[in-house]
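The values are calculated or read from the model by the stated rules, or taken from the named source; none is laboratory data. Please read all numbers here as calculations on a predicted model, not as lab measurements. Positions of Cβ are backbone-derived with ideal geometry, glycine not excepted, and every protein chain shown enters the neighbour counts. In case anyone asks, the SASA skips ligands and DNA or RNA and just uses the protein heavy atoms, side chains included. Shrake-Rupley method; radii C 1.70, N 1.55, O 1.52, S 1.80 Å.
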Amino acid sequence: MNKKLIISTIISILISLSNVVNGDSFTSSYVRLDPPSTDIPLDSEFFAAPEAYNAPQQVHITQGDYDGKAVIISWVTPYLHGSHTVYYGTTKGKYTSKAKATNTSYSFNVYKSGQIYHCLVDGLEYNTKYYYRIGSGPSNREFWFQTPPEVGPDSPYTFGLIGDLGQTMNSLSTLQHYMKGEGQTVLFVGDLTYADRHIDEAPHEGGLRWDTWGRLVEPSTAYQPWIWTCGNHDIDYFPKLGLLGEFMQFRERYPSPYKASESTSPLWYAIRRGPAHVIVLASYSGFVKYTAQYRWLDNELKKVDRKKTPWLIVIMHVPLYNSNTAHYMEGESMRSVFEQWFVDYKVDVVFAGHVHSYERSHRVSNLKYNISNGACSPVLDESAPFYVTIGDGGNSEGIAGEYISPQPHYSAFREPSFGHAILDIKNKTHAYYYWHRNQDGNKVTADSFVLHNQYWTNYV
């Protein structure tokens, strides 16, 4: 890193720290000059399938257990008789172990998926690079991944944050910028493909766009875990086509290790990865008192051990705090149910998507409000989490460019641009956060600040 870049980064962090302390609010005046938000054509080179017959494609991995010693490797073959076996080992080209996948497929209207494979590879060692091979004969393909450090308080780890990605040239820019960085695992906050936007006029494309998206993101997803959250564009409610709003395509293609955290649904679950305890919530599943998700979260929060995993991170799709006119207050019902827990359990940061712009809040809460007391204004609260909206991946619906004016006091920084973020955990007390704007083909750090851990900062 050159001297000018170091100085620029330090100044940016100091400014952000000042804003956090003083409760300042800032709306960026930047006007994006990105490509138009239209989906890349189906015959684009960016969606090209492997040339070999029936070769595995759309390869992606996610964590396969609670503590990071397993992965789920998934892929698709166009035809039925593909290999079910994953060969893996710690030396490239020398595969000393193997595991067997299960396979499934689905269809609706005139679309029929290929064969979808999911393989649990467990019993892995921490901090180890593994190579793996899938497919057979001339159609085999080889990849690698790195396991995380052992669960513990002082293991540095870097997460990427991406949401509402889609499959436009803006989406590709976001993905390529992320891949040039140091992120080790993506926390994805929902809305993957935006295939549902094509179903009314071309039902077949409502399935094909899941295939093209899988091939678009494979250069990242085949090499590091993406932790999946579901969004509204993943619901697929088209009853006339046999899609009943049950996240069918999402669930068939993108598994989660939900049983490891004693969840009853793959849509909400938790993992521990290095120094972080990550909780994934489902904005479009029942969450009020007595529902399965409510009861699960109540139990999961009680299991969090901040001496082992000091960083408590929550990801969901719909933001609880948002000053954009798009989807304004849609998260209010979930906020009223879960916010008290987020404060009581000292959640460090809540990441969400849904709004196609960027926004970061101050530490804020609205715990005093009820329907009769009139105390309905959020207050700056050092015991509360930061809330970050990162639904700016680049999808075909375009930028949500209109914010409420004047900027609410709880909003620290907001900008209508596409991009991605990085959460760089250094130790149990400090983490660096950066938001990178996609600017004219370049990756630009437009927002950054230092997180002080909620538990360890006040630990006695």
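Criterion first (in contact with a helix residue (DSSP H, G or I) (Cβ under 6 Å, 6 or more places away or on another chain) and touching a residue at least 60 places away in the same chain (Cβ under 8 Å)) does residue 160 satisfy it?
In short, yes.
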Next item on the list: Collect the residues in segment 76-97 that are surrounded by 15 or more Cβ atoms within 10 Å (Cβ to Cβ) and either closer than 22 Å to residue 128 by Cβ or among the acidic types (Asp, Glu) (or both), keeping them in residue-number order.
Entry: 85, 86, 87, 88, 89, 90, 95
Item checked: residue 155, sole failed condition from (1) surrounded by fewer than 23 Cβ atoms within 10 Å (Cβ to Cβ); (2) closer than 17 Å to residue 356 by Cβ -> (2)
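Please specify each residue of segment 379-432 satisfying the condition of being charged (D, E, K, R) and within 19 Å of the chain's Cα centre (by Cα).
392, 397, 424
When you go through 412, 400 one by one, which is the residue that is in contact with a strand residue (DSSP E or B) (Cβ under 9 Å, 6 or more places away or on another chain) and in a strand (DSSP E or B)?
Among 412, 400, only 412 is in contact with a strand residue (DSSP E or B) (Cβ under 9 Å, 6 or more places away or on another chain) and in a strand (DSSP E or B).
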Item checked: Pick from segment 364-382, criterion crowded, with 19+ Cβ neighbours inside 10 Å and in contact (Cβ under 8 Å) with a residue 40 or more places away in the chain, ranking: nearest to residue 333 (Cα to Cα) -> 378
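Looking at this structure, is residue 140 in contact with a Lys or Arg (Cβ under 9 Å, 6 or more places away or on another chain), in contact (Cβ under 8 Å) with a residue 60 or more places away in the chain and closer than 18 Å to residue 54 by Cβ?
Yes: the conditions hold for residue 140.
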Margin query: Quick check on my filter: what residues within segment 428-447 are surrounded by 15 or more Cβ atoms within 10 Å (Cβ to Cβ) and within 19 Å of residue 314 (Cα to Cα)?
Written below: 428, 429, 431, 432, 433, 434, 435
Notebook entry, point to check: Restricting attention to segment 410-421, which residues are open to solvent by less than 20 Å² (accessible area, probe 1.4 Å) and in contact with a Leu (Cβ under 8 Å, 6 or more places away or on another chain)?
Noted result: 420, 421
Check: Say we look at segment 253-302 and pick out the residues that are assigned to a helix (DSSP H, G or I) and in contact (Cβ under 8 Å) with a residue 40 or more places away in the chain; which of these is surrounded by the fewest Cβ atoms within 10 Å (Cβ to Cβ)?
Finding: 298
Check: residue 245 fails exactly one of the following numbered conditions: (1) open to solvent by 10 Å² or more (accessible area, probe 1.4 Å); (2) modelled with pLDDT of 95 or more. What is the number of that condition?
Finding: (2)
Checklist line | Matching option when the condition is touching a residue at least 12 places away in the same chain (Cβ under 8 Å) and open to solvent by 10 Å² or more (accessible area, probe 1.4 Å), among 337, 349, 355 | finding: 337
Check: Picking from 150, 125, which residue would you name as being open to solvent by 70 Å² or more (accessible area, probe 1.4 Å) and within 22 Å of the chain's Cα centre (by Cα)?
Finding: 150
Margin query: If I ask for residues that are among the β-branched types (Val, Ile, Thr) and under 22 Å from residue 219 (Cβ atoms), which ones from segment 72-108 would you list?
Written below: 72, 73, 76, 77, 86
